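I have placed the structure first, in the form of structure tokens, so that the comments after it can refer back to it.
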Amino acid sequence: MAILRIILGPTAVGKTDYAITEAQAVGSPVVSCDSRQFFREMRIGTARPDEAQLAAVKHYFIADRSVRDGCTAGQYEIEALQLLEQLFRDHEIVVMAGGSGLYIEALCNGLDDFPEADPELRAHLSERLRTEGVAALRAELRILDPESYTVIDPANGQRIVRALEVTIATGRKYSSFKTNPVKARPFSIEKIGLTRPRSELYARIDARVDRMMAEGLLDEARTLLPLRNLPALNTVGYKELFGYFDGQYDLSEAVRLIKRNTRHYAKKQLTWWARDPSIRWIEMPAGA
């Protein structure tokens with residue numbers, strides 16, 4: 001049976017190089033499962049594979065669309081399944097690499113069948129998010145759907161807007177839609193999780209942020225400033241620099257926040273995967 005081998009782990013752990021080595025060993029391309037590396041305009045801040053890495057093996061879902069187009073987990077599920085159907089005609093094993101837990105979940109198990117978005121209601125709630133703040137919308141969600149209120153990240157305004165939108169539009173709690181069984185896939189799935197000691201991972205994160213700044217992240221973020229309200233730009237590395245452009249703090253503080261928030265993101269990634277017993281964890285050797 002065809003095998004999808006997924007290389008996952010927290011940001012900066014070394015997934016890209018590990019996946020390339022794995023792909024070369026089995027003669028596979030690398031299918032990216034990173035919710036931000038899709039976007040052409042976000043090269044530096046997403047730690048996209050460099051030219052040498054892209055040349056080493058064929059990559060898919062890297063810089064293949066504009067940030068203006070977006071790509072939801074549901075869209076990714078459909079597109080990735082179509083791609084895998086083609087790839088498995090020539091490959092017994094296909095290697096995937098990524099750190100976006102929801103997108104990996106969508107591909108492996110499918111997503112719940114939520115209703116289509118209501119553009120007018122979403123625009124109204126998004127405006128309320130902007131003017132009233134996330135706390136006001138969370139208070140409303142707590143009344144309408146306590147279950148969603150307890151599990152959605154308090155800082156994730158877009159998720160709170162979506163939960164309210166579904167609940168108000170359908171008269172059903174957002175949490176009530178999350179009941180669909182796991183969807184069958186025509187291939188088996190192997191998950192390899194990469195880890196490092198926390199101190200080493202954090203040092204790698206700090207070094208990568210410094211490298212991004214040296215490579216021109218500040219200028220990249222400046223070019224994206226007019227698009228800052230797009231969901232894709234609600235991303236660590238960009239939103240902190242937008243705050244710098246707004247005069248909220250100086251550049252050194254922006255860099256400190258990027259490092260801190262990237263560490264927080266790595267913790268969230270590890271928490272997400274801690275509930276998945278199917279992952280085979282490998283501790284990366286120091287310096288690798």
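Give just the number: which of (1) crowded, with 18+ Cβ neighbours inside 10 Å; (2) closer than 18 Å to residue 272 by Cβ; (3) of a type in the set (Val, Ile, Thr) does residue 95 not satisfy?
Every listed condition holds for residue 95 apart from (2).
If you go through the range 205-218 one residue at a time, do you hit one that is buried (at least 19 other Cβ atoms within 10 Å of the Cβ) and either within 14 Å of residue 10 (Cα to Cα) or within 17 Å of the chain's Cα centre (by Cα) (or both)?
Yes.
Which ones in the range 3-41 are assigned to a loop (DSSP other than H, G, I, E, B) and touching a helix residue (DSSP H, G or I) at 6+ places or on another chain (Cβ under 7 Å)? Show your work before the answer.
Residues of the range 3-41 that are assigned to a loop (DSSP other than H, G, I, E, B), as a first pass: 9-14, 27-29, 33-38, 40-41.
Those that are assigned to a loop (DSSP other than H, G, I, E, B) and touching a helix residue (DSSP H, G or I) at 6+ places or on another chain (Cβ under 7 Å): 9, 10, 11, 12, 13, 29, 33, 35, 36, 41.
Quick test for you: out of 58, 15, pick the one residue that is among the charged types (D, E, K, R) and surrounded by 22 or more Cβ atoms within 10 Å (Cβ to Cβ). First the steps, then the outcome.
Details: 58 fails: surrounded by 22 or more Cβ atoms within 10 Å (Cβ to Cβ).
Within the list 58, 15, the selection yields 15.
All but one of (1) of a type in the set (A, V, I, L, M, F, W, C); (2) surrounded by 14 or more Cβ atoms within 10 Å (Cβ to Cβ); (3) closer than 27 Å to residue 122 by Cβ hold for residue 225; state the number of the condition that does not hold.
Every listed condition holds for residue 225 apart from (2).
Does residue 278 count as farther than 30 Å from residue 129 by Cα and without any contact (Cβ under 8 Å) to a residue 60 or more places away in the chain? Can you show your working first?
Details: farther than 30 Å from residue 129 by Cα: yes; without any contact (Cβ under 8 Å) to a residue 60 or more places away in the chain: no.
Spelling it out, it is not the case that residue 278 is farther than 30 Å from residue 129 by Cα and without any contact (Cβ under 8 Å) to a residue 60 or more places away in the chain.
Across the range 183-241, what is the number of residues that are of a type in the set (Gly, Ala, Ser), modelled with pLDDT of 95 or more, assigned to a helix (DSSP H, G or I) and closer than 26 Å to residue 105 by Cα?
So the count comes out to 0.
Enumerate the helices (runs of 4 or more DSSP H) found wholly within the range 98-173, keeping only those where 3 or more residues are on the phi < 0 side of the Ramachandran plot and in contact with an Asp or Glu (Cβ under 7 Å, 6 or more places away or on another chain). Working first, answer last.
Numbers: elements: 101-109, 119-132, 134-144, 146-151, 157-170.
Result: 119-132, 157-170.
Residue-by-condition table, conditions (1) more than 16 Å from residue 218 (Cα to Cα); (2) of a type in the set (Lys, Arg); (3) loosely packed, with under 14 Cβ neighbours inside 10 Å:
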site	(1), (2), (3)
241	no, no, no
259	no, yes, no
266	yes, no, no
278	yes, no, yes
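Quick check on this structure: which one of 45, 9 is at positive phi and crowded, with 23+ Cβ neighbours inside 10 Å?
On the way: 45 fails: at positive phi.
Testing whether each residue is at positive phi and crowded, with 23+ Cβ neighbours inside 10 Å leaves just 9.
Can you tell me how many residues in the range 72-89 are assigned to a loop (DSSP other than H, G, I, E, B) and either more than 23 Å from residue 16 (Cβ to Cβ) or of a type in the set (Val, Ile, Thr) (or both)?
So the count comes out to 2.
Please work out which residue is nearest to residue 4 (Cα to Cα), limiting yourself to the range 144-189 and to residues that are small (Gly, Ala, Ser) and surrounded by fewer than 14 Cβ atoms within 10 Å (Cβ to Cβ).
From the range 144-189, those small (Gly, Ala, Ser) are 148, 155, 157, 163, 169, 171, 175-176, 184, 188; that's our starting set.
Within this subset, residues satisfying the condition of being surrounded by fewer than 14 Cβ atoms within 10 Å (Cβ to Cβ) are 155, 171, 184, 188.
On the way: 155: 33, 171: 39, 184: 14, 188: 6 Å.
Across the range 144-189, the extreme among qualifying residues is 188.
The values are calculated or read from the model by the stated rules, or taken from the named source; none is laboratory data. Worth saying up front: this structure is predicted, and the values here are computed from it rather than measured. Neighbour counts are summed over all protein chains in view; Cβ atoms, including those assigned to glycine, are modelled from backbone coordinates with ideal geometry.
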